[in-house]
Amino acid sequence: MATLSTMTDPLAAVDAAVDRAASALSGAQRADGHWVFELEADCTIPAEYVLLRHYLGEPVAEELEAKIGRYLRRTQSAEHHGWGLFHKGAFDVSATVKAYYALKMIGDDPAAPHMVRAREAVHKAGGAEAVNVFTRIQLALFDAGPWSVVPTMPPELILLPRWFPIHLSKMSYWARTVVVPLLVLCAKKPVARNAKGIKVDELYTRRPIDRKTQAADPKWVWTKSFNALDKVLKVAEGRWPRTLHQRAIDTCAAWVTERLNGEDGLGAIYPAMANSVMMYDVLGYPEDHPARAIARQSVENLLVIHDDEAYCQPCVSPVWDTALAAHAMLEAGGADNVARAEAALDWLKPRQVLDVEGDWAEERPGVRPGGWAFQYNNAHYPDLDDTAVVVMAMDRAQVADRMPIDRGVEWTVGLQSRNGGWGAFDADNDYDYLNNLPFADHGALLDPPTADVSARCVSMLAQLGERLDSPRMAAAIAYLRKEQEPEGSWFGRWGVNYIYGTWSVLCALNAAGLPADDPAVARAVGWLKAIQNPDGGWGEDCDSYALDRKGHVPAPSTASQTAWALLGLMAAGEADSEAVERGVDWLVANQEADGLWGQEYYTGGGFPRVFYLRYHGYPKYFPLWAVARYRNLKRSNTRQVAFGM
C-alpha cells in the first residue's frame, strides 16, 4: 500500500479522505443544524430499563423487550460468559447480575446454555453477594436481596446544614441527582409490583464475601468511621421523629421536582431519571400526575430502537456532538462545510444557560450563569467542558454576537478551583473523604479538577487572548504541570485515558504559547511517540483506569484515539514527524466506504473503573478533524496550530 511519503502528491489521499468524511458528516447533520449520535454504555442501563418497567408493573412490551434481549445476549462475552463494562472488557459481577436478571424477567429460561454460563461465572466471582451498592439496591427493590446489606442513607441527610461533613452540596452533580430520590426509596423500602414475582436466588452462593471499593485512595480511618456510622444509622432507622422524617421526604420530593428538567429528565442521566420515577411511584403519585408522567417520558426518550435490537442510553450528547462536529467542519474548510458549522453554532446559541443559577452557585454565589450543558436541556447542570468547546468554536467562526462568548468565559473563570484547575460541573468539589462512605463503593462521588477539563478551559482562555502571566492562567498552567505523570502523559478523566488527557493538555499548552522544547511538552511528545502501535495508529484499553494507576494499557488502534494523538502531536509542532505521517496513513487506510470510521471499542470515560461510554460520534468527527488539520498544516507556511483545540 502506498504511504503519504511515497505518493506523487502525498496530500491527494488526505484531500480525498477529508472530502469524503466531511460529506458523510454533513449527511448526519439534523435539519435544524445540530448533530447527535448514539451514546452507548454497558449492559446495565438496558437491563435496568427492563427491570424498571416490571418494577412499575407496566404492561409487558414484548417486541421492545425481545429487541433488548437480543442486545443483551449479543453483548455477553464468549470468553468469561458474563458481561463487562466495555467492549471486550473483563467480567463484572454487578453488570452480569443485572443482565441475567433482565433476561430472566424477559423470559429466558435459566436452564438455557447462555444463562447457565452466566450463572456459573457469577458463582465463581462470589455470587450475587459480591455486587456493588447500586445493584444491591436494585435487588432489594424486587425483594431479591436484603435491605440489610444496603448502606443506610436517611432522607434526613437533605436537612443537614452545609457545614456538616456529609452534605449533598459536597457531592458531584450526578451523585446528588441519583441520591436524592434514592433517599426516599431507601427510607420507604418498596417492593416491585411485578406480578410474576421473579427472583434470582440461584445467583447467591450464601458464602461470606469481602466486598471491594473502587475508590482510588481509601483511608482506613474514614472507612472505619463511616462503617461505624452506618451501624449506628441502621439501629436508629425507624426511630427518627415522625414529623422530621416526613419533612425530610417532602424536601427530597420538592428538590427533585424543582430540577425535573421536563422531558430531558432529572440531571438528564438515566439513573437519576429512573429513581425519580420510582420515588414518585412510592409516594403515591398517580401515573397521570404531571411530574411523574414527564419523568417517565424522559426515560423513554433515551431508547435507541433498531430493526433487530434496542438498548437504553445513559444520556444523550447533542451539545457535545454538535460543538465537536462544528470544529471538525471548520477545520475541513470550504464554503459548505463552514456554513454547516455556522448552522450548528446557531443551534447552540439559544441553549446557553443564562438565567438559571444551578447547584454550582452554592459554591460560587454571585457568578452569573453562562454555560452550556451536555444534553439538550440540563439548566441546573451546565459543564465547563462543553462550555469551553462551544466558546472556542464560536470564536473560531468569528460569530458577530460576542455575548455568548463573553458570558461563557465569565462563567468559566468564576468556577476555577483553588488549585488552579477546573472540575466538570462544580468548583472545589474535592472532599476526598466522602469516597470512603460505604454508599460510595463506586469511588465516583466527587467532581474534582481534572487535567482534561482544565486543559479545555486553558485552551479557551488562551485562544481568546489571555496572557500566560495572568494570575488565573499562571495558576492553571501550574496545575497542569503538577498533574503530568512521570512518563510524560496526563490522566484523562472523561476520555480513555492517558491519550485523551495528553491530547487535551498539549493543545492547551500550545494555545498558551509554551514552546515545543518546554520540558512538559517534550516529555509528552516523547511519550505519545513511544506508545504508537506498530500499525501506525494509537489505542488504549479502559483498564488503564486501574486502581494502581500504572498508566497506559495498550490496545488495538482506534480511530478516535489515533486522532487525539495526532492532534496532540501537531499542537506540539510535530506535523512533519514520521509518527504523525504514520498516524495519518492509518486513518486514511482505515476510512470506511461511507467516508467515516468504525469503532466498537469504548473510548469515553463515565466513571473510572465503574462506567464507560462508547460515543458513536467520536470515530466520525475526530478523525476528520485530525486529517484536515494535517492537510492544513502541510499546506501552510507555518506548522503552528492557530486555535486552542
- Any idea what the dipole of the range 429-543 comes to, in debye rounded to 20, about its Cα centre with Lys/Arg Cβ at +1 and Asp/Glu Cβ at -1? 440
- With unit charges on the beta carbon (Lys/Arg positive, Asp/Glu negative), name the residue among Leu11, Ala121, Ile45 whose Cα is farthest towards the positive pole of the charge dipole of the range 1-157. Ala121
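Can you sort Arg73, Arg368, Arg631 from fewest to most other Cβ atoms within 10 Å of each residue's own Cβ?
On the way: Arg73 16, Arg368 12, Arg631 20.
Ranking Arg73, Arg368, Arg631 by Cβ neighbours within 10 Å, fewest first, gives Arg368, Arg73, Arg631.
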- Could you work out how far the C-alpha centroid of the range 50-124 sits from that of the range 289-304, in angstrom? 24
- Task: Pull out the extension gain between Ala90 and Ala293, defined as 0.36 nm times the separation in residues minus the alpha carbon to alpha carbon distance; nm, one decimal.
- Result: 69.3 nm
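Using R₀ = 35 Å, calculate the FRET efficiency as 1/(1 + (r/R₀)^6) where r is the Cβ-Cβ separation of Ile198 and Val356; round to 0.05. Please list the in-between numbers first.
On the way: r = 42 Å, r/R0 = 1.21.
Approximately 0.25, to the nearest 0.05.
State, as an integer percentage, the relative contact order of the chain based on alpha-carbon contacts under 8 Å between residues 6 or more apart.
On the way: 1204 pairs, mean separation 108.0, N = 645.
Rounded, it is 17 percent for the chain.
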- Note on the structure: Given Cβ charges of +1 for Lys and Arg and -1 for Asp and Glu, the option among Phe86, Ser317, Leu569 whose Cα lies farthest towards the positive end of the dipole of the chain is Phe86
- Note on the structure: Going residue by residue through the range 573-578, the Karplus relation 6.51 cos²θ - 1.76 cosθ + 1.60 with θ = phi - 60° gives ³J(HN,Hα) values, rounded to whole Hz and with x marking Gly or Pro, of x, 9, 4, 8, 6, 4
- Task: May I ask you to evaluate 6.51 cos²θ - 1.76 cosθ + 1.60, the Karplus curve with θ = phi - 60°, for each residue of the range 368-383 and list the ³J(HN,Hα) values in order in whole Hz, giving x for glycine and proline?
- Result: 6, x, x, x, 10, 8, 6, 9, 4, 9, 6, 4, 6, 9, x, 10
- Leading residue at positive end of dipole, the chain (Cβ point charges), from Phe142, Ala522, Thr450: Phe142
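Please state the relative contact order of the range 505-614 as a whole percent: Cα pairs under 8 Å, 6+ residues apart? Write out the running numbers ahead of the final one.
Values: 130 pairs, mean separation 28.6, N = 110.
RCO, the range 505-614: 26 percent.
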- Query: Quick one: putting +1 on the C-beta of Lys and Arg, -1 on the C-beta of Asp and Glu, what dipole do you get for the chain around its Cα centre, in Debye to the nearest 20?
  - Reply: 1700
- Message: Helix 451-463 against the longest principal axis of the chain: what's the angle in degrees, Cα atoms only, rounded to the nearest 10?
- Response: 40
- Near Gln561, within a Cβ-to-Cβ distance under 11 Å, what is the net charge of the other residues, with Lys and Arg +1 and Asp and Glu -1? -2
- Message: How would Lys634, Lys98, Lys482 line up from fewest to most surrounding beta-carbon atoms within 10 angstrom?
- Response: Lys482, Lys634, Lys98
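Sort Thr412, Thr387 so the one with the fewest other Cβ atoms within 10 Å of its own Cβ comes first.
Ascending Cβ contact count within 10 Å gives the list Thr412, Thr387.
Length gain on complete extension for the stretch Arg247 to Ala61, per 0.36 nm per residue less the alpha carbon to alpha carbon distance? Each step should come with its number before you reach the end.
Details: separation 186, 0.36 × 186 = 66.96 nm, distance 3.74 nm.
Stretched fully, the Arg247-Ala61 segment lengthens by 63.2 nm.
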- Item | Only Lys, Arg (+1) and Asp, Glu (-1) charged, at Cβ; the range 20-98 dipole about Cα centre in debye | 280
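If R0 is 30 Å, what FRET efficiency do you get for Ala530 and Asp15 from their C-beta distance, rounded to 0.05? Walk me through the intermediate numbers first.
Details: r = 30 Å, r/R0 = 1.01.
My answer for the efficiency is 0.50.
Values in this text are rule-based calculations from the coordinates and carry no lab data. Every value quoted in this text rests on a predicted model; they were computed, and no experiment measured them. Note: ideal-geometry Cβ built from the backbone for every residue, glycine included; neighbour counts use all protein chains shown.
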